[in-house]
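Every number here is computed from the coordinates shown, using simple stated rules; none is lab data. Owing to the predicted nature of the structure, the values given are computational and were not obtained by experimental measurement. Note that we place each Cβ from the backbone using ideal geometry, even for glycine, and neighbour counts take in every protein chain shown.
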Amino acid sequence: MSDASREAGCGFCGKAIVQRSGGGRPRDYCDESHRRHAQRKRDRELRVAVPRLSHRFVAAELDLHAGELVAACFSDVPLSVLLELVAKIADDAECAAAAAVFDERCAGRTWEQIGVADNSTGGKAKARWGGARLAQRLTVREPAPWAGPWYGTLPGGSATVTHPDRRARQAAAGLGRALRTLREQANSGLDDVASEAGMPVFAVHWVLEGQVVVPWTAIYTLAHLLGGQRPGDLRLLWENATNFVPRLPDPPRVASRLAAGLRGARLAAGYPPAAAVYPPALTEAQAEAVFEGRLVPEWSVLCEVLLWLGADPEPFKELWAANRAPRGPGQSR
């Protein structure tokens, strides 16, 4: 007489599978093709559920924690502090590996290929990094809502760039300097700013160093938290750093937009006093009026101011020209 039967649903289609008692592992799927379809479905769901947290970002945080550990080892700190830093580094290393595996899976690598890299088998690699375990490792490190498309070149990136990219990197460096100027003026702690912005410390550090440029909402938040009274002063720097091409503002706002860009360039230069900036063609009071948008000088004079600040005049040219353009009836200069 045959063995007793029992039914179970296929993990892909849900169709009942007749299982026979006895030895062997129970079947979870109708056939091997349904097993592969189910795996691909889980991978797609994982890509949606798990935030895109690059292993490079995790490695950068590991580097910061390692620096803290080195400093602690040469300081008189309690053992508990050292052990806490060691635990953070161990967690960073595990998460960096999980993120790297996740990136490879998204790129289409098989578990067998990952197993070779791990000096193991595909089954062991999948057991270590697959499914819910991988999702949990990355979800706990989920970046806050500030995270979006990253612009610019990450540390260690290629130094060979095109001319437009070089201009964008120079603008990113200027944006970082402007934020550092605000931080110095406010004497703000990096940890506190990062916590309030909902950003990892390493990400704030990279932004302030001009190595990456995050979305404008994050830049605005950082400028505000660093004590900037007019975060919009950094907008032109951000636009140049991201190659973002904005629509020209309405005529009444062109002068104020130009002035905001000039104030951003002034912050990027360390915020020197107007007395140190104005060229012979302007008085100190006139120079202050230029920064406040009450006066738009000749292009040659504006270029002198920008070059003294170490800024590229080219991004300001269109705004200056728009300000000098003839106005329609009823519009004042």
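List of remarks:
- Backbone phi angles across segment 268-273, fed through the Karplus curve with coefficients 6.51, -1.76 and 1.60 (θ = phi - 60°), yield HN-Hα couplings of 5, 8, x, 6, x, x Hz in residue order; Gly and Pro are listed as x.
- Packing-based order for 270-277, 62-69, using average beta carbon neighbours within 10 Å, highest first: 62-69, 270-277
- Förster-model FRET efficiency, 45 Å R0, residue 120 and residue 13, C-beta, rounded to 0.05: 0.90
- Under 5 Å, built H, 5+ apart or other chain: amide partners of residue 17: 8, 9, 10
- Working from label points 7 Å from Cα in the Cα-to-Cβ sense, the residue 184 to residue 271 distance is 1.0 nm.
- Ordering of 209-215, 82-88 by burial proxy (mean other Cβ atoms within 10 Å per residue, highest first): 209-215, 82-88
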